[in-house]
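S.K.: Attaching a single structure in structure tokens format; questions to follow.
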Amino acid sequence: SIFILMGIPGLEDFHIWISIPFCTVYVVALMGNMVILFITKTETILHEPMFHFLSMLAITDLILSTSTLPKMLGIFWFNCHEINFHACLTQMFFIHAFSGVESGLLVAMALDRYVAICNPLRHSSILTNSTVAQVGIAALLRGLVLMTPHPFLVRKWPYCRTNVVPHTYCEHMAVVKLACADTSISSLYSLAVIVLIVGTDVMCISLSYVQILRTVFSLPSQDARLKTLSTCGSHICVILTFYIPALFSFLTHRFSKHIPRHTHILLANMYLLVPPMLNPIIYGVRTKQIRECVLQLF
């Protein structure tokens, strides 16, 4: 009925020290994303498709970080290692589903940049409020639907070896490895979903930026090219902060047998904690409208 989350195996003596940067990251993520949500809601000049997608991204980041950090800090500070089986499945679902939602929102933001640069005169007519809402709902439903089988598959297996999960949260593969049954179906489904989501999204983002670069380099002046490319800078930085840690975490967890376990877990935590912290900072620093609104707010 319960699982025991170990935290970071091999670094138990340093849990208190590790909790300090983790807690700092969480506080910054909460404050940054709440500020983004507040100013995009209250400032009428930010009622544009790009900022609507940014608001959706902020909500997703809040869900991702809140799904993991409170329990993780409970482990580090109060030795609260126990987690109810169904709470573990719920945490697993939220983490993986909203990771997929965030990937879909990055595609939506790439679509916004593509339309804004390649079809600027039709931007407002193509990306209407209803279209933006439909794209956001599609990203949400895709993440929820594709990840729903995970907890149901995990729930039906017996766990007779141990109930100790060598992780800081209920990561799918870490829980699956504890089952006393053939888990190949779940592993294959998980791999297929990751390849489908990441492969499709990275391809769509790449195609949009190929078209954007073609349009930019056809502009007559270098100043116009640099100014146009600068509008994509924030989105490119957010893409890199999301996909690079996720790729390293996925590759080391599945294909590397020689990397220490605590390195696997630290990478898995960075993949969930760093993007929610950096996304509002990147957009706050690099986007003039947001920067001015934040300065005005404070």
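The values are calculated or read from the model by the stated rules, or taken from the named source; none is laboratory data. Just so it is clear, the structure is predicted and the values come from calculations on it, not from any experiment. Ideal geometry is used to build each Cβ from the backbone, glycine not excepted, and the neighbour counts take in all protein chains shown. With ligands, DNA and RNA removed, areas are computed over all heavy atoms of the protein, side chains included. Shrake-Rupley method; radii C 1.70, N 1.55, O 1.52, S 1.80 Å.
S.K.: Test of understanding: among Leu219, Leu191, Leu207, which residue is in contact with a Phe, Trp or Tyr (Cβ under 9 Å, 6 or more places away or on another chain) and surrounded by fewer than 16 Cβ atoms within 10 Å (Cβ to Cβ)?
M.R.: Working: Leu219 fails: in contact with a Phe, Trp or Tyr (Cβ under 9 Å, 6 or more places away or on another chain); Leu191 fails: in contact with a Phe, Trp or Tyr (Cβ under 9 Å, 6 or more places away or on another chain).
Leu207 is the lone residue from the list that is in contact with a Phe, Trp or Tyr (Cβ under 9 Å, 6 or more places away or on another chain) and surrounded by fewer than 16 Cβ atoms within 10 Å (Cβ to Cβ).
S.K.: Pairs, please: C-beta under 7 Å, at least 6 apart or cross-chain, first residue without any contact (Cβ under 8 Å) to a residue 24 or more places away in the chain and in segment 124-153, second in a helix (DSSP H, G or I) and open to solvent by less than 50 Å² (accessible area, probe 1.4 Å)?
M.R.: That search, which allows pairs on different chains as well, returns Ile126/Val115.
S.K.: Now for a different question. In segment 150-182, what residues are more than 26 Å from Pro245 (Cα to Cα) and of a type in the set (S, T, N, Q)? Walk me through it before giving the result.
M.R.: Kept after step one, since they are more than 26 Å from Pro245 (Cα to Cα), are these residues of segment 150-182: 152-153, 155-163, 179-182.
Selection gives Thr162, Asn163.
S.K.: Have a look at Glu43, Glu12 and point out the one that is over 25 Å from the mean Cα position of the chain (by Cα) and without any contact (Cβ under 8 Å) to a residue 40 or more places away in the chain. Before the answer, list the steps.
M.R.: Values: Glu43 fails: without any contact (Cβ under 8 Å) to a residue 40 or more places away in the chain.
Answer to the check: Glu12.
S.K.: Looking only at residues that are open to solvent by less than 40 Å² (accessible area, probe 1.4 Å) and among the hydroxyl-bearing types (Ser, Thr, Tyr) in segment 13-44, which one is nearest to Asp61 (Cα to Cα)? Lay out the reasoning, then the answer.
M.R.: As a first pass, look at segment 13-44 and keep what is open to solvent by less than 40 Å² (accessible area, probe 1.4 Å): 15, 18-19, 22-23, 25-26, 29, 32-33, 35-36, 39-40.
Add one more test, that the residue is among the hydroxyl-bearing types (Ser, Thr, Tyr), and what stays is 19, 26, 40.
Details: Ser19: 19, Tyr26: 10, Thr40: 16 Å.
So, considering only residues that are open to solvent by less than 40 Å² (accessible area, probe 1.4 Å) and among the hydroxyl-bearing types (Ser, Thr, Tyr), the one nearest to Asp61 (Cα to Cα) is Tyr26.
S.K.: If we only count helices (runs of 4 or more DSSP H) wholly inside segment 179-289, which ones have 1 or more residues that are closer than 26 Å to Met147 by Cα, in contact (Cβ under 8 Å) with a residue 24 or more places away in the chain and among the polar types (S, T, N, Q)?
M.R.: Details: elements: 184-217, 222-230, 233-255, 261-286.
Counting at least 1 such residues, we get 184-217, 233-255, 261-286.
S.K.: Are there any pairs with C-beta distances below 7 angstrom linking a residue in segment 59-84 that is free of Cβ contacts under 8 Å to residues at least 12 places away in the same chain to a residue that is open to solvent by less than 20 Å² (accessible area, probe 1.4 Å), with the two at least 6 apart or on different chains, and if so which?
M.R.: Close Cβ pairs satisfying both conditions: Cys80/Gly74.
S.K.: Under the condition of being of a type in the set (A, V, I, L, M, F, W, C) and without any contact (Cβ under 8 Å) to a residue 60 or more places away in the chain, which residue from segment 154-177 is surrounded by the most Cβ atoms within 10 Å (Cβ to Cβ)? Give the derivation first.
M.R.: Filtering segment 154-177 down to residues of a type in the set (A, V, I, L, M, F, W, C) leaves 154, 157, 160, 164-165, 170, 173-176.
Of the ones still in play, those that are also without any contact (Cβ under 8 Å) to a residue 60 or more places away in the chain are 157, 160, 174, 176.
Working: Trp157: 16, Cys160: 10, Ala174: 22, Val176: 19.
The extreme case among them is Ala174.
S.K.: Another one. Would a scan of segment 104-127 turn up a residue that is part of a loop (DSSP other than H, G, I, E, B), touching a helix residue (DSSP H, G or I) at 6+ places or on another chain (Cβ under 6 Å) and within 19 Å of His264 (Cβ to Cβ)? Walk me through it before giving the result.
M.R.: Step one: of segment 104-127, the residues part of a loop (DSSP other than H, G, I, E, B) are 119, 127.
Subset that is touching a helix residue (DSSP H, G or I) at 6+ places or on another chain (Cβ under 6 Å): 127.
Narrowing further to those that are within 19 Å of His264 (Cβ to Cβ): none.
Checked against the condition, which is being part of a loop (DSSP other than H, G, I, E, B), touching a helix residue (DSSP H, G or I) at 6+ places or on another chain (Cβ under 6 Å) and within 19 Å of His264 (Cβ to Cβ), segment 104-127 yields no hits at all.
S.K.: Moving to a separate point now. Condition test on Phe93, is it open to solvent by 20 Å² or more (accessible area, probe 1.4 Å) and within 12 Å of Tyr169 (Cα to Cα)?
M.R.: Working: open to solvent by 20 Å² or more (accessible area, probe 1.4 Å): yes; within 12 Å of Tyr169 (Cα to Cα): yes.
Yes, satisfied.
S.K.: Quick one: which of Leu278, Leu251, Leu240, Leu226 is farther than 24 Å from Ile59 by Cβ, of a type in the set (A, V, I, L, M), open to solvent by 30 Å² or more (accessible area, probe 1.4 Å) and modelled with pLDDT of 80 or more? Full working, then the answer.
M.R.: Working: Leu278 fails: farther than 24 Å from Ile59 by Cβ; Leu251 fails: modelled with pLDDT of 80 or more; Leu240 fails: farther than 24 Å from Ile59 by Cβ.
Among Leu278, Leu251, Leu240, Leu226, only Leu226 is farther than 24 Å from Ile59 by Cβ, of a type in the set (A, V, I, L, M), open to solvent by 30 Å² or more (accessible area, probe 1.4 Å) and modelled with pLDDT of 80 or more.
S.K.: Return yes or no: is Met92 assigned to a helix (DSSP H, G or I), farther than 17 Å from Met270 by Cβ and at pLDDT 90 or above? Lay out the reasoning, then the answer.
M.R.: Numbers: assigned to a helix (DSSP H, G or I): yes; farther than 17 Å from Met270 by Cβ: yes; at pLDDT 90 or above: yes.
So Met92 fits the description; yes.
S.K.: Now for a separate question. Across segment 61-90, what is the total count of residues that are open to solvent by less than 20 Å² (accessible area, probe 1.4 Å) and either out of contact with any Asp or Glu (no Cβ under 9 Å at 6 or more places or on another chain) or among the polar types (S, T, N, Q) (or both)? Spell out the reasoning first.
M.R.: Filtering segment 61-90 for residues open to solvent by less than 20 Å² (accessible area, probe 1.4 Å) gives 61, 64-65, 68-69, 72-76, 83, 88-89.
Checking the rest, the ones that are also either out of contact with any Asp or Glu (no Cβ under 9 Å at 6 or more places or on another chain) or among the polar types (S, T, N, Q) (or both) come to 65, 68-69, 72-76, 83, 88-89.
Residues that pass the stated criteria total 11.
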